[in-house]
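The values are calculated or read from the model by the stated rules, or taken from the named source; none is laboratory data. As the structure is a computational prediction, the values presented were derived from the model and not from experiment. Cβ sites come from the backbone with ideal geometry, for glycine too, and all protein chains shown count toward neighbours. Areas reflect the complete protein model, heavy atoms only, side chains present, ligands, DNA and RNA absent. Shrake-Rupley method; radii C 1.70, N 1.55, O 1.52, S 1.80 Å.
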Amino acid sequence: LDTVPEPKRLKIPAARDIRGHEMEEEMFLLASLEGLPLNSEYIGPDTPISRGDFAKAIVKSMDIPLIEREEPKRTRGRKKPEPIPQIFKDVNPNHRNFEYIETVAERGIMVGVNKENFKPDSPLTRAEAYTTAIRLLGISSNLAPINKNYTTGYKDDNAIPPWAKDYIYVAKQRGIINKGDYFYPNRKITKAESAKLIVDLIHYMQEDLKKDYRENIINF
């Protein structure tokens, strides 16, 4: 929050199928930050984004330093050094998003579907996306009411997974979620919607985050 912004010229995406889309501006911005494929002519804006691709989009757009993995130490003799253990069994070093998934997992921004698996190629849900957004901002889910019988105010509140409810409540209170009667927590979030969420996060961090910490969150 206290650093001086460094102006950088954004790269020009090659995508054609996002022109004229409702969220064209957000997708072009995210692609220019390499959060979406920069050199691909077709992105598929209304197709679901995978968990692994969302991890990459977060790391690239927020310029999060990649976790440096230490090389295995050489041992004397003929015994080969043991490989560095990967965090998730289903994300090996050859996966296209391996380093991004390891980075968001190590930093507590995204978690696996369980302790052993991340499911990098499975579609991301809206509940998972907004939970990730709040973790990324460093805003605690403890800002939700202590009484767990509270409601988020959405008509489909009962469909929100228990692990996501506090995060979604906080996201709504901070104005990060667009207004509406329904949240659709288990719906697959598209690449266009993901771009809109990430760009909204960028704007929130630029304009509202410091004010929220000073005026709202500290005195919550």
Flagged in the range 134-165 as within 25 Å of GLU68 (Cα to Cα) and touching a Phe, Trp or Tyr at 6+ places or on another chain (Cβ under 8 Å), in numbering order, are ILE134, ARG135, LEU137
Any residue at all in the range 74-88 that is at pLDDT 90 or above and open to solvent by less than 70 Å² (accessible area, probe 1.4 Å)? yes
In the range 181-197, which residues are within 23 Å of GLY153 (Cα to Cα) and of a type outside the set (Phe, Trp, Tyr)? ASP181, PRO185, ASN186, ARG187, LYS188, ILE189, GLU193, SER194, LYS196, LEU197
Determine whether the range 59-71 contains at least one residue that is of a type outside the set (D, E, K, R), at pLDDT 95 or above, within 18 Å of SER122 (Cα to Cα) and open to solvent by less than 80 Å² (accessible area, probe 1.4 Å). no
Where the second residue is basic (Lys, Arg) and not in a loop (DSSP other than H, G, I, E, B) and the first is free of Cβ contacts under 8 Å to residues at least 60 places away in the same chain and lies in the range 167-195, which pairs have Cβ atoms under 8 Å and are six or more apart or on separate chains? TYR167/ARG135; PHE183/ARG126; TYR184/ARG126
Identify all residues within the range 119-144 that are without any contact (Cβ under 8 Å) to a residue 40 or more places away in the chain, assigned to a loop (DSSP other than H, G, I, E, B) and open to solvent by less than 40 Å² (accessible area, probe 1.4 Å); write none if there are none. ALA144
Out of everything in the range 105-118 that is more than 20 Å from ILE176 (Cα to Cα) and touching a residue at least 12 places away in the same chain (Cβ under 8 Å), what residue ends up being least open to solvent (accessible area, probe 1.4 Å)? PHE118
Look at the range 135-156 and say how many of its residues are charged (D, E, K, R) and under 20 Å from the mean Cα position of the chain (by Cα). 1
